[in-house]
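The block underneath contains the structure these notes are about, expressed in structure tokens.
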């Protein structure tokens, strides 16, 4: 768990043109790429290709290597692709034989399109995370009028997920140190108690954190120190994506 | 400008019936550094939470010239800086800089003034240069120093620290001691770490069972083994009080009032141990 947590955060060249963009521009840009890919009709390969090219170019400028993208995508991609993996078997129409299996031709094509969409969405998210620190993403969300409560919850989650993961790791080590190795279902109850203990600890911590906030004058709103500046580079970045992707998306719609 | 604490007959009972404070009388003068000692459950943390209005009990309490209870909580909280025991409770923002800025921004200062305060506070705890790091990337000693910075940035008149040396390795503990020693402010240090108290504070208050049982020069209280033993405290084996180099900040030694044992020195528990 912690291994995955530490595989987050900014990667690539922190001084690159992409890293230095306003987080709002990046959030809008990557969300835009994902929206184009997801909303494009199936089999509109030129549109998928354009999205992939855009992502490739961004990754190159930001110097985020394919290894990093692959390692990070690997965490979520299987889940996304798994859903689509059944399509070749359940769709009707002409079938192709792949060894002992018979799969539907239309199903394979649909699967390829869905997988491409999933890949583009995942890589967009990975590149956003690799080029923008989480606090910056939160700041951007806040400034883009995302519901304040959600942003605050996300901020606390980011701050405390590491603390809670550490606690969980220590508890697991303590269980393992006393030779706990669940072999049948009855022994799983211990894990349930561990989760309960984690919940109670986190709940109590929540109360202490709230006291600490009050002690420093918290009055209902989270103040922000940094200011965001949407500059020329940011306009150029968003405009370039719009100019490239929107026409291709429209053409794909007409061709379909 | 008053920096003192005046508490008279302070009582507090938790909603579940546990008595936190049972008539605390405490007077702290401007510039004093007072160690608040006592066994677990003595009411140390409860007292600390009273000082900036997070808990409210009965009795008279005036902190930094502000009556606690009916006054302006914002002003009180700006005047009294609480440093909690677990820095993970105190540091809740995504980055160190934002966390240190949290208090001053709540005070309504403008951004430039806040940035200046953040820089100074981090420099005061020797943590300049880590402003953009996330708290989870820091060691416990570093997080504790940042936690102190978050409070210093509010420029409080009184600093209250809860177990500042808990779980620190000797080196982090020594560095913390040096940092605190350089801070010229009225200070209340709630601690179990008696050598730490001896090195930092000139006066000690022994809290037990929700009330003050002894109040006087830190060394005299720490030298009174029966008194300590009666309240579940003891110096580490081999620790020699005589060898503590107490170096008050800025070369002035604040004089503490003479040792007073409350209850006329007829504490039955102490008498038992003395025999």
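Just so you know, all these numbers are worked out from the coordinates, no wet-lab data involved. The shown structure was predicted, so the numbers you read here are calculated from the model rather than taken from an experiment. We place every Cβ from the backbone using ideal geometry, glycine too, and count neighbours over all the protein chains shown.
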Looking only at other chains, what is the average number of their beta-carbon atoms within 10 angstrom of each beta-carbon in B:82-89? 5
How would A:160, B:14 line up from fewest to most surrounding beta-carbon atoms within 10 angstrom? B:14, A:160
Using a ≥ b ≥ c from the Cα gyration tensor of region A:121-165 (square roots of the eigenvalues), is it rounded, prolate or oblate, where a/c under 1.5 gives rounded and otherwise the larger of a/b and b/c decides, a/b for prolate? oblate
Determine by what factor the alpha-carbon radius of gyration of region A:1-109 differs from 2.2 N^0.38 Å, reporting the quotient. 1.37
Quantify how much of the Cα-Cα distance distribution of region A:176-245 extends past 20 Å, in percent. 67 percent
Over the protein assembly as shown, how many percent of alpha carbon pairs lie in each 20 Å bin up to the one with the longest distance? 18, 41, 27, 12, 2
Where Rh is the Kirkwood radius over Cα pairs, Rg/Rh for region A:123-210: 1.12
How long are the semi-axes of the ellipsoid equivalent to chain B, from square roots of 5 times the Cα gyration tensor eigenvalues, in whole Å, largest first? 31, 22, 17
Residue-averaged 222 nm ellipticity for chain B, from DSSP H runs of 4+ at -39500 (n - 2.57), nearest 500: -9500 deg cm²/dmol
Enumerate the residues in region A:188-223 having an amide nitrogen under 18 Å from the point lying 7 Å beyond the Cα of residue A:164 toward its Cβ. A:191-211
In Å, the C-alpha Rg and Dmax of region B:1-140 are 17.1, 47
Could you state the orientation-averaged shadow area of the convex hull built on the Cα atoms of region A:27-80, in nm² to one decimal? 4.3 nm²
Return the inverse of the average 1/r over all pairs of distinct C-alpha atoms in region B:58-148, which is the Kirkwood hydrodynamic radius, in Å to one decimal. 14.2 Å
Fewest-first ordering of B:25, B:99, B:169 by Cβ atoms within 10 Å yields B:169, B:25, B:99
Taking chain A and dividing mean pair separation by its residue count, relative contact order in percent (alpha carbons under 8 Å, at least six apart): 34 percent
Quick check: the angle from helix B:140-152's long axis to the longest principal axis of chain B, C-alpha only, nearest 10 degrees? 80 degrees
Of B:54, A:200, B:152, how do they rank once you tally other Cβ atoms within 10 Å and put the fewest first? A:200, B:54, B:152
Test item: B:91-101 mean partner chain Cβ contacts at 10 Å: 6
Starting with the highest mean, order B:180-189, A:218-227 by the number of other Cβ atoms within 10 Å, averaged over the residues of each peptide. B:180-189, A:218-227
Averaging over every viewing direction, what projected area does the convex hull of the Cα atoms of chain A cover, in nm²? 19.7 nm²
How far is helix B:111-124 tilted, in degrees, relative to the longest principal axis of the Cα atoms in chain B, given as a value from 0 to 90 rounded to the nearest 10? 50 degrees
What does the average come to when, for each residue of peptide B:134-141, you count the partner chain Cβ atoms lying within 10 Å of its Cβ? 3
Once a ≥ b ≥ c are taken as the square roots of the eigenvalues of the Cα gyration tensor of region A:105-256, is the result rounded (a/c under 1.5), prolate (a/b larger than b/c) or oblate (a/b not larger than b/c)? oblate
Could you work out Rg/(2.2 N^0.38 Å) for region B:81-217, with Rg from alpha carbons only? 1.06
Dimensions in Å of region B:20-69 - Rg and Dmax from alpha carbons: 11.0, 30
Evaluate the relative contact order of region B:181-247 (contact order divided by residue number), counting alpha-carbon pairs under 8 angstrom at least 6 apart; express in whole percent. 31 percent
Note down the relative contact order for chain B as a percent, whole number, built from C-alpha pairs under 8 angstrom at least six residues apart. 23 percent
